[in-house]
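Accompanying notes for the structure given below.
The values are calculated or read from the model by the stated rules, or taken from the named source; none is laboratory data. This one's a predicted model, so the numbers in the text were calculated from it and none came from an experiment. Every residue, glycine as well, gets a Cβ built from its backbone with ideal geometry; the counts of neighbours run over all protein chains shown. Remember, those area values only see protein heavy atoms, side chains included, never the ligands or the DNA or RNA. Shrake-Rupley method; radii C 1.70, N 1.55, O 1.52, S 1.80 Å.
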Amino acid sequence: MPVKRNQPKTSARGNHPRRRTTSSNTPSPHLAVGSGSGGSVTASRLSEVPEWKVLVLEAGGLPPQESYVPGLVGLGYFRGNNNWDYVTEPQRHGLRNFVERRGTIPHARVLGGSTTTNGMLYVRGNRLDFDHWADFGNPGWDYDSVLYYFKKAEDYRGRPTSETEQYHGRGGPLVVTPEPNTGKLAQAFLYAGMELGYSVIDPNGRDQIGFAKPEYTICGGLRCSVAQAYLRPALRRNPNLHVLYDAFVYRVLFNKHKRAIGVQYNYRGRVYTAYAKKEVIVSAGALASPKLLMLSGVGPSPHLKHHKLKVVADVPGVGQNLQDHLGVYGLTWTIKPNSVDTLDNVASLEAVQRYVHHRKGPYSAPLGDYGSAWVKVTEGGYSSFPDVQLYLSPAAFNMDMGLFLPHIYGFDRNKYNDYARPLFGRDGFTMNLYLLRPKSRGAVSLRSKRPRDLPVIDPNYMSHPYDVETLIEGIRFAIKVGNCTSLTKRFKAKFHDMIVPGCEGIVFNTDKYWACYIKHMASSFWHPAGTCKMGPDTDPLAVVDNRLRVRGVRGLRVIDASIMPVVVSGNPNAPVIMIAEKGADMIKEDWGIYDHR
Ligand SMILES: Cc1cc2nc3c(=O)[nH]c(=O)nc-3n(C[C@H](O)[C@H](O)[C@H](O)COP(=O)(O)OP(=O)(O)OC[C@H]3O[C@@H](n4cnc5c(N)ncnc54)[C@H](O)[C@@H]3O)c2cc1C
């Protein structure tokens, strides 16, 4: 297909970040691939420099209207609905109750990336996450240094205490709102934590161990994606920012000095080239960024040669070090009928009207009653460093009568129904449990040299025994919470203790049983990270240095979830936004612009 040395000259207006494309062939100083947490934030900040033209290329389209409504959050998880439909390779060590032992990872393909469809939970992780990143040989990434960027990004709408005030930012682009509708179930969850000796915490304050009400990236009852928070206002303010959606980037182009000079992309069936005078920034997410680097000739040389790709730089770590939070599904409790507002009764017509007219009520946040807890369930190590997270969800595992969950998560429908059928029609709650810092490591590699082919994703879940052992302790802790009097007395909570399909014959509630349960019922919690690891020269798997520059080439950075050396102890959106805020400042500094702080 001939390569056009220009760019499409279309423009459109609407209730979204405008598509504003370059109308000339002038190269942009900076070119960002992907408009998710990494790309939108970086590009918006770079466009604050009036002399720089910044072009964002995004493979997806405009966000659908329903994505703005927090109460409709789950719609974006459906396959084919603005997402890449990533599935993992069959997992040798687990996922036994999932179709072909594959997990689903519904990363978004839309303006705003995963922030347009994600669960909106705002969680920064633990200060030790970042201190350890720095200890690995990445100066400038310790907690005290990155806190500035968390605060810079944030516009906190909660009421911090005098102790937590110093951790929150005001006036940043990203609006963070505490759960507006805490109900009886979430309250009981917090009381259960207190019964067990935990405090109710601000999860983004000083301490992370404890129980908390969720905080969301929601503004005035609408989802606050990075497209809304960053791109849209930047497009209004900065005429030098250009965004082209439906633009699928095929590869980064290099000159003979191994300097990135632009990208080749497909826009509605035609192939174009866009040039970058200064830098190309790859922010395609932890599954697509390594793929794009490899298609561009940057990656492990044997793998590139195997696919008959020209090697620009042999960087063995590209695609390696894949980490993902491993989630245990199906830990569910039945409760007394009508004792709480479960999903089906909050989603009423009246609630819809209230939302439409006032942006208030149940639809102004994820529907129902949620709570989170971060706890340490293993012995040894830092007492302030949790190893699992619990997420209370206000429905039994049957909430959808088997219609949607198998499709979204990839459960084998028969096995799912065998386990969940006794729960059909019953009120209840579920505790999703996930492992914060798995020790298993997987990889992303190329399926072929065709850009449209999805990458081979092998998280290698549960290959390290620590992961299952820790989750067993996590399950025991979750059951303790569910059996606290605040949940049993008031709601008559009763654990769904049916033997899960595949573990028949093993004595219930033994370690052996829970190990079996995990191997059948645990899968991705949708937080892949680490595939373009940040690290020093001495680290053979490091892909970017501490200024996020790709090794072995010039003019190319990666700024997204893939640079995390170790995945953070919480939901990763806020940390990726922090990475991008810091990344943008580093780019400015490296080009001699110092007036940003
Ligand atoms: C279903 C789901 C729910 C989640 N819930 C939460 C939550 O509640 N809280 C939280 O903190 N985190 C959550 N996360 C995780 C969080 O949203 C992501 O970790 C974070 O947004 C990742 O940011 P990123 O920039 O690395 O990638 P993304 O935000 O995924 O952005 C990558 C962008 O690059 C584009 N792209 C990819 N390839 C190309 C290409 N070749 N050409 C052009 N564009 C390309 C993609 O379309 C996408 O827009 C969730 C994730 C998922 C999938």
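In this structure, the amide hydrogen of VAL311, modeled 1.01 Å from its nitrogen in the peptide plane, lies closer than 5 angstrom to no residue at least 5 positions away or on a different chain. A Förster radius of 30 Å combined with the Cβ-Cβ distance from ASP537 to SER383 puts the calculated FRET efficiency at roughly 0.30.
Using every pair of distinct Cα positions in the range 187-324, the Kirkwood expression returns a hydrodynamic radius of 19.3 angstrom. Straight-line cross-link reach from LYS184 at under 25 Å between alpha-carbon atoms covers these lysines, not counting any fewer than eight positions away in the same chain: LYS213, LYS336, LYS360, LYS480, LYS489, LYS492, LYS494. Across the accessible surface of the range 317-466, with the other protein chains kept in place and a 1.4 Å probe, carbon and sulfur atoms take up 51 percent.
A simple rule links phi to the HN-Hα coupling: the Karplus curve 6.51 cos²θ - 1.76 cosθ + 1.60 with θ = phi - 60°, which for the range 265-272 gives 9, 10, 10, 6, x, 10, 9, 10 Hz, with x for Gly and Pro. Amide H to amide H, with H built 1.01 Å from N, ASP412 comes under 5 Å of PHE98, VAL99, counting only residues 5 or more places away or on other chains. If I take all pairs of Cα atoms in the range 491-542, what percentage of them are more than 15 Å from each other? Cα-Cα pairs in the range 491-542 separated by more than 15 Å: 65 percent.
Measuring how big the range 390-509 is from its alpha-carbon positions, Rg and Dmax come out at 17.7, 59 Å.
Where only DSSP H runs of four or more residues are counted, the chain gives -7000 deg cm²/dmol as its mean residue ellipticity at 222 nm, each run worth -39500 (n - 2.57). Rounded to the nearest Hz, the phi-derived 3J(HN,Hα) couplings of the range 322-333 under the Karplus curve 6.51 cos²θ - 1.76 cosθ + 1.60 (θ = phi - 60°) are 5, 10, 8, 5, 9, x, 9, 9, x, 7, 10, 10, where x marks glycine and proline. Note on the chain: Cα convex hull, mean projected area over all directions, 25.5 nm². On a per residue basis, the convex hull of the C-alpha atoms belonging to the range 65-169 measures out at 186 Å³. Taking the C-alpha atoms only, the angle from helix 184-195 to the longest principal axis of the chain is near 80 degrees.
Excluding ligands, DNA and RNA, the accessible surface per residue across the range 46-177 is 37 Å² with a 1.4 Å probe. What residues from the range 130-169 fall in the zone where the backbone N is under 20 Å from a label point 7 Å along the Cα-to-C-beta line of ARG441? 130-139, by backbone N distance to the label point. For the range 139-216, the convex hull spanned by the alpha carbon atoms encloses 97 Å³ per residue. Multiplying the residue separation of PHE508 and LYS184 by 0.36 nm and subtracting their alpha-carbon distance yields 113.6 nm. With the highest mean first, a sort of the peptides 62-71, 442-451 on other beta-carbon atoms found within 10 angstrom per residue produces 62-71, 442-451. Annotation for MET401 and LYS480: the two label points, set 7 Å from Cα along the Cα-Cβ direction, are 3.9 nm apart.
Computed over protein heavy atoms with a 1.4 angstrom probe, the accessible surface ordering of PHE211, PHE136, largest first, is PHE136, PHE211. Taking Cβ separations below 4.7 Å as the criterion for a possible disulfide partner, the isolated cysteines in the chain are CYS484, CYS532.
Residues in the range 141-152 carry Karplus couplings, in order, of 10, 5, 4, 4, 6, 7, 4, 3, 6, 4, 6, 4 Hz; the curve used is 6.51 cos²θ - 1.76 cosθ + 1.60 with θ = phi - 60°, and Gly or Pro positions show x. One decimal place: the segment ASP85-ASN417 gains 117.2 nm when fully extended, by the rule 0.36 nm per residue minus the C-alpha distance.
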